[in-house]
Amino acid sequence: MSAFIQITDTHIVPEGELAYNRSDTAAALSEAISTVNGILPRLDPVDCAIITGDLTDYGTPAEYERLKGIMADLNLPYLAIPGNHDARDAMRAAFADQNWMPEAGPIQWSRDFGDFTVIGLDTLVEGSHHGTLCDEGLAFLDRILGSLNGHPVVVATHHPWMHSGVIAMDNNNLQNGGALLDRLEAYGGPARMISGHVHRTLTTQIGKVTCQIAPAPCHAVHLSHQTASVNSLIMEPGGVTLWNWQTAPQPCLVSNVIPVGTFKGPWPFYG
Ligand SMILES: [Fe+2]
Ligand SMILES: [Fe+2]
């Protein structure tokens with residue numbers, strides 16, 4: 001059985017700063033790592049973590065170094081794709097020694113987990129908050145999908161296509177997400193899409209494709225569907241997402257959103 005942990009939107013800022021002057025993102029990531037390290041011994045084997053974008057807040061080399069320093073405590077290797085708060089060149093330089101990092105072009109990769117394959121795609125449009133899949137990314141997707149022969153596939157992007165109802169976030173979604181979903185709809189096997197960006201937990205189904213947005217370890221985006229609302233952050237509990245393969249009642253990939261922190265218990269229900 002295979003599994004990975006999705007961590008998203010870590011938004012690491014320079015030492016001594018808070019994101020948006022309020023959110024201690026470095027402390028939140030450290031707590032998330034402690035949470036993950038604490039549960040790993042109780043889980044079926046987990047292969048790695050995947051960070052689905054917004055690793056840093058400004059995309060500076062110093063922020064990537066700080067992120068790597070914090071992530072070094074995680075008892076798992078990790079891969080990453082960029083988000084709108086990242087900078088492609090700085091991120092590439094920071095992870096140049098990793099075998100998943102391409103030497104040029106979009107930061108995209110695929111990883112075979114045995115039971116399923118994850119394709120990480122780069123939706124960053126430098127200088128913008130919305131996301132787009134470039135022609136190179138779509139060609140990469142076509143090539144990998146064409147090689148998988150209907151094997152279960154998960155496509156990871158920072159920007160989701162589904163709408164959350166939070167208008168400011170939806171305006172900055174994956175603008176050509178239909179091009180991705182059309183391909184997954186036409187794919188000859190189980191397919192799903194996982195994303196970040198919205199800092200909340202949301203799930204929907206588009207055609208046959210299940211789409212899920214994962215929560216961040218740090219701040220959340222305030223939930224409001226009102227057009228007049230100012231897009232705001234709120235310190236709701238952070239989370240990471242365990243994705244693990246289950247074989248019964250039928251083979252499928254199961255998501256489990258895990259709150260970050262320490263909590264009372266566990267206690268046996270009886271005795
Ligand atoms: Fe974010
Ligand atoms: Fe984002």
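Among the residues making up the range 106-119, those that are open to solvent by 40 Å² or more (accessible area, probe 1.4 Å) and in contact (Cβ under 8 Å) with a residue 60 or more places away in the chain are Arg111, Gly114, Asp115.
Condition check ((1) within 15 Å of ligand 2 (Cβ to nearest atom); (2) open to solvent by 20 Å² or more (accessible area, probe 1.4 Å); (3) in contact (Cβ under 8 Å) with a residue 24 or more places away in the chain) across all residues:
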site	(1), (2), (3)
Glu126	yes, yes, yes
Ala139	no, yes, no
Ser147	no, yes, no
Pro152	no, yes, yes
Val155	no, no, yes
His158	yes, no, yes
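Restricted to the range 174-268, the set of strands (runs of 3 or more DSSP E) holding at least 2 residues that are β-branched (Val, Ile, Thr) comprises 202-206, 209-213, 239-246, 252-259.
Within the range 171-212, the set of residues being closer than 21 Å to Ser128 by Cα and over 17 Å from the mean Cα position of the chain (by Cα) comprises Asn171, Gln175, Asn176, Gly178, Ala179. For the range 234-246, check the following and say yes or no: at least one residue is touching a residue at least 60 places away in the same chain (Cβ under 8 Å), more than 15 Å from Thr52 (Cα to Cα), open to solvent by 10 Å² or more (accessible area, probe 1.4 Å) and touching a His at 6+ places or on another chain (Cβ under 7 Å). Yes, the range 234-246 contains at least one residue that is touching a residue at least 60 places away in the same chain (Cβ under 8 Å), more than 15 Å from Thr52 (Cα to Cα), open to solvent by 10 Å² or more (accessible area, probe 1.4 Å) and touching a His at 6+ places or on another chain (Cβ under 7 Å).
Restricting attention to the range 128-137, which residues are open to solvent by 20 Å² or more (accessible area, probe 1.4 Å), within 16 Å of ligand 1 (Cβ to nearest atom) and under 18 Å from the mean Cα position of the chain (by Cα)? Before the answer, list the steps.
Looking only at the range 128-137, we keep the residues that are open to solvent by 20 Å² or more (accessible area, probe 1.4 Å), and these are 128-130, 132, 134-136.
After this cut, where a residue has to be within 16 Å of ligand 1 (Cβ to nearest atom) as well, the list is 128-130.
Those that are open to solvent by 20 Å² or more (accessible area, probe 1.4 Å), within 16 Å of ligand 1 (Cβ to nearest atom) and under 18 Å from the mean Cα position of the chain (by Cα): His129, His130.
Among the conditions (1) touching a helix residue (DSSP H, G or I) at 6+ places or on another chain (Cβ under 9 Å); (2) polar (S, T, N, Q); (3) free of Cβ contacts under 8 Å to residues at least 40 places away in the same chain, Ser30 misses just one, which is (3). Apart from one condition, Asp122 fits all of (1) more than 16 Å from ligand 1 (Cβ to nearest atom); (2) open to solvent by less than 10 Å² (accessible area, probe 1.4 Å); (3) in a loop (DSSP other than H, G, I, E, B); the exception is (1). Taken over the range 213-228, residues that are over 11 Å from the mean Cα position of the chain (by Cα) and either open to solvent by 50 Å² or more (accessible area, probe 1.4 Å) or under 21 Å from Ala179 (Cα atoms) (or both) amount to 6. A Cβ distance below 7 Å, combined with a sequence gap of six or more or placement on separate chains, defines the contacts here; from the range 197-210, residues that are farther than 21 Å from Asp182 by Cα reach residues that are open to solvent by 40 Å² or more (accessible area, probe 1.4 Å) and away from ligand 2 (no atom under 12 Å from the Cβ) in the pairs Arg200/Leu223; Thr201/Val257. When residues in the range 197-212 are screened for being open to solvent by less than 10 Å² (accessible area, probe 1.4 Å) and more than 16 Å from ligand 1 (Cβ to nearest atom), 2 of them pass. Listed conditions (1) buried (at least 24 other Cβ atoms within 10 Å of the Cβ); (2) away from ligand 1 (no atom under 13 Å from the Cβ); (3) closer than 17 Å to Pro237 by Cα are all met by Phe4, apart from (3).
Of the listed requirements (1) open to solvent by 70 Å² or more (accessible area, probe 1.4 Å); (2) within 16 Å of ligand 2 (Cβ to nearest atom); (3) among the hydrophobic types (A, V, I, L, M, F, W, C), Val13 misses just one: (1).
The residues on offer are Asp57, Asp97, Asp44, Asp24, and the sole one that is of a type in the set (Asp, Glu), more than 16 Å from ligand 1 (Cβ to nearest atom), over 21 Å from Ala139 (Cα atoms) and in contact (Cβ under 8 Å) with a residue 24 or more places away in the chain is Asp44.
The values are calculated or read from the model by the stated rules, or taken from the named source; none is laboratory data. Since we're looking at a predicted model, the values are computed, not measured. No Cβ is skipped: glycine too gets one built from the backbone with ideal geometry, and neighbour counts run over all protein chains shown. To get the accessible areas, we keep the full protein, side chains included, count just its heavy atoms, and leave off ligands, DNA and RNA. Shrake-Rupley method; radii C 1.70, N 1.55, O 1.52, S 1.80 Å.
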